[in-house]
Amino acid sequence: MAASRDSIDGPVALVIQRRIADEGFAAFARWSGAVAERLKSWPGFLGQEVVPPQPPAHVDWVLILRFASAAAARGWLQSDLREELLAQIRHHFVGPEDIHLLPDAGQRQETAVSAVISFKVPAGDDDTFLAWQQRIQAAEAEFKGFLRHKIEPPIPGLHDDWIIILSFDSDAHLSAWLDSPERQALLAEGERFNAGMSVKRTSYGFNFWFPAGQAPAPGAAFIFKCNLLVLLVLYPIVYLWGFFVSRPLIDAHGVPFWLSLFIGNLVSTQLLGWWVVPAAFKVFDWWLAPKTSTGRQIGGYALVAALYAVAMAAYAVLLAWNWGKG
């Protein structure tokens, strides 16, 4: 069964993933805004979304350009205007770009991470490849956090590879599958397809594949839990920084309060965004996971409340100790 598509009915998402040199981040962000402005008058253009990298797991930028039809998207890809715009930023590119043209069912949800896997399938081996992918999908479904295994066949004029976009609910769960012995055994079974295999991770969840109303949405309860965890790690960082660093090393040397406050916020947000919050989410993934049992829900809230109490008590002890010294 040879699978190919000359067109995709309905709205499409043109997903472009590429690596940008570190020094080009600001320039690329500005350039993306300029592209969106130029695209406003492009026939069939619906909107653009820019997903910045989230290192260390996701190091590529992702542009999602939405068009009313595949023809409009292909017209943009092949246009002189796009080539003109690319010439302005190409010196910041690292390696080639990955381009996928996919059916679009609306805005993405901030719930998933994905691996984009491409395969070069020899002519006449489509059925064998698809049967192998079915075995892989069955194994993936047994792993915690699995959301979606989507197969996109080659699209003439755009790419000749088969594209698999695999979505899990967290980086940890995606890594658990990618590094698992089960996956390695299945890859060995399909060795004939692995010569040109490429795997790229992205923070873009590709949830626009889900029909309206079926995407796994975070919901108010999930957001509330995330906010509680952020507060859980933010509070001790703020008071430890203030007590041990800001007060004796910054404020005591006459630094203005507004500058001291900015320095503290700068340090705390970097600590939170890069290390502390991801670690907290990983530790509490059993509580954040969808369809968590009632017992685990209650246990999670109780544990967070207890840790709040410990953090506040520790700060009270530090303050009392400091006053005692005075």
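The values are calculated or read from the model by the stated rules, or taken from the named source; none is laboratory data. Quick caveat, the model's predicted, so the values are computed rather than measured. Every residue, glycine among them, receives a Cβ derived from its backbone with ideal geometry; neighbour counts consider all protein chains shown.
Mind listing just one residue for me: the one in the stretch 243-278 that is small (Gly, Ala, Ser) and loosely packed, with under 12 Cβ neighbours inside 10 Å and, of those, farthest from Ala221 (Cα to Cα)?
In this case the residue turns out to be Gly254.
Since Leu166 meets every condition but one in (1) surrounded by 19 or more Cβ atoms within 10 Å (Cβ to Cβ); (2) more than 18 Å from the chain's Cα centre (by Cα); (3) under 23 Å from Ala185 (Cβ atoms); (4) of a type in the set (A, V, I, L, M, F, W, C), which condition does it not meet?
Status for Leu166: all satisfied but (2).
Which of the following residues is modelled with pLDDT under 85, under 30 Å from Pro278 (Cβ atoms) and surrounded by fewer than 12 Cβ atoms within 10 Å (Cβ to Cβ): Pro56, Pro52?
Pro56
Do the conditions hold for Asn227, that is, is it exposed (fewer than 13 other Cβ atoms within 10 Å of the Cβ) and touching a residue at least 60 places away in the same chain (Cβ under 8 Å)?
Against the criterion (exposed (fewer than 13 other Cβ atoms within 10 Å of the Cβ) and touching a residue at least 60 places away in the same chain (Cβ under 8 Å)), Asn227 does not qualify.
Which of the following residues is under 27 Å from Ser170 (Cβ atoms), surrounded by fewer than 17 Cβ atoms within 10 Å (Cβ to Cβ) and modelled with pLDDT under 85: Ala188, Ala220, Ala195?
Answer to the check: Ala220.
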